[in-house]
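Colleague: Okay, here's the structure, questions in a sec.
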Amino acid sequence: MITAKKHLFIKLREVPEAGKSYSFSQDDTVLADELKDILKNNPFQADFTIQPMGDEAYHISGSIKAKMNLTCALCAIEFPFEVYEKINEILYIDKKHHSRKEKQGRANHISDYKEGGAFCTELHKDELNVAEFLHELIAVAEPPYPMGKPDCETSCENYQKAVEKGLFKPHDQIDEDSAEKSPFAVLKDLKLNS
């Protein structure tokens with residue numbers, strides 16, 4: 001079993017100075033099995049190049065295309081979601097594993113992020129687990145509030161039927177009375193004996 005997954009671990013120190021290109025798809029049954037929990041049996045294609053940058057740093061660039069089956073947050077219908085993520089990262093091999101007790105020179109803030117700039121990933125070994133890397137990229141691309149159509153609230157027939165049946169109210173029609181039905185509404189009448 002381990003030998004079957006061997007090609008999914010790229011030894012970074014063995015990547016030539018000129019760099020090396022890699023390509024993975026659903027035809028790779030071992031990788032497809034590793035991504036099955038997030039992609040099911042949907043197709044995917046990942047193409048990227050790894051280029052050494054010197055002193056335990058490597059630049060990885062490319063893209064991944066995939067399809068996911070998602071459920072609409074409004075009408076609960078399943079729909080295919082297209083994932084297209086560009087890969088632009090710097091992989092850094094940490095020579096010594098730092099403990100949490102050590103201090104860093106400065107915090108990493110979102111204000112340090114540059115649009116289109118590379119992300120940095122710290123590795124504790126000199127190999128990249130392709131399955132883990134691609135799984136994370138695809139998972140992060142999943143929207144937190146998936147909608148089957150961009151205009152699902154206004155034109156989705158399933159959403160409109162659910163509103164007509166009274167299963168829920170549209171966001172623009174939620175009135176103040178619904179706030180009164182909150183289980184916490186009784187707390188405003190609570191009197192403390194002091």
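The values are calculated or read from the model by the stated rules, or taken from the named source; none is laboratory data. From a predicted model like this one, the values you see are computed outputs, not experimental measurements. Virtual Cβ from ideal backbone geometry, glycine too; neighbours counted across all protein chains shown.
Colleague: So residue 169 ticks every box in (1) within 30 Å of residue 84 (Cβ to Cβ); (2) touching an Asp or Glu at 6+ places or on another chain (Cβ under 9 Å); (3) part of a loop (DSSP other than H, G, I, E, B); (4) at pLDDT below 75 but one. Which box is left unticked?
Modeller: So residue 169 meets the others, but not (1).
Colleague: While we're on this one: Name, by its number, the condition in (1) of a type outside the set (S, T, N, Q); (2) at pLDDT 90 or above; (3) closer than 17 Å to residue 20 by Cα that does not hold for residue 56.
Modeller: Condition not satisfied by residue 56: (2).
Colleague: Check residue 160 against each of (1) outside any helix (DSSP H, G or I); (2) modelled with pLDDT of 70 or more and name the one condition it does not meet.
Modeller: The one condition residue 160 does not meet is (1).
Colleague: Return the only residue of 57, 46, 18, 73 being closer than 16 Å to residue 128 by Cα, surrounded by fewer than 15 Cβ atoms within 10 Å (Cβ to Cβ) and of a type outside the set (Asp, Glu). It would help to see each step written out before you state the result.
Modeller: Details: 46 fails: surrounded by fewer than 15 Cβ atoms within 10 Å (Cβ to Cβ); 18 fails: closer than 16 Å to residue 128 by Cα; 73 fails: closer than 16 Å to residue 128 by Cα.
It is 57.
Colleague: Taking the conditions exactly as written (farther than 18 Å from residue 121 by Cβ, modelled with pLDDT under 95, part of a loop (DSSP other than H, G, I, E, B) and out of contact with any Asp or Glu (no Cβ under 9 Å at 6 or more places or on another chain)), does residue 96 satisfy them or not?
Modeller: Criteria not met by residue 96.
Colleague: Can you list the strands (runs of 3 or more DSSP E) lying wholly within the range 1-91 that have 2 or more residues being touching a Ser or Thr at 6+ places or on another chain (Cβ under 8 Å)?
Modeller: 20-25, 44-54, 57-71
Colleague: Also, quick follow-up: Could you list all residues from the range 126-142 that are surrounded by fewer than 18 Cβ atoms within 10 Å (Cβ to Cβ) and either over 16 Å from the mean Cα position of the chain (by Cα) or modelled with pLDDT under 90 (or both)?
Modeller: Result: 126, 127, 129.
Colleague: Hey, another quick one. Looking at (1) in contact with a Pro (Cβ under 8 Å, 6 or more places away or on another chain); (2) under 21 Å from residue 119 (Cα atoms), which is the only condition residue 92 fails?
Modeller: Residue 92 satisfies all of (1) in contact with a Pro (Cβ under 8 Å, 6 or more places away or on another chain); (2) under 21 Å from residue 119 (Cα atoms) except (1).
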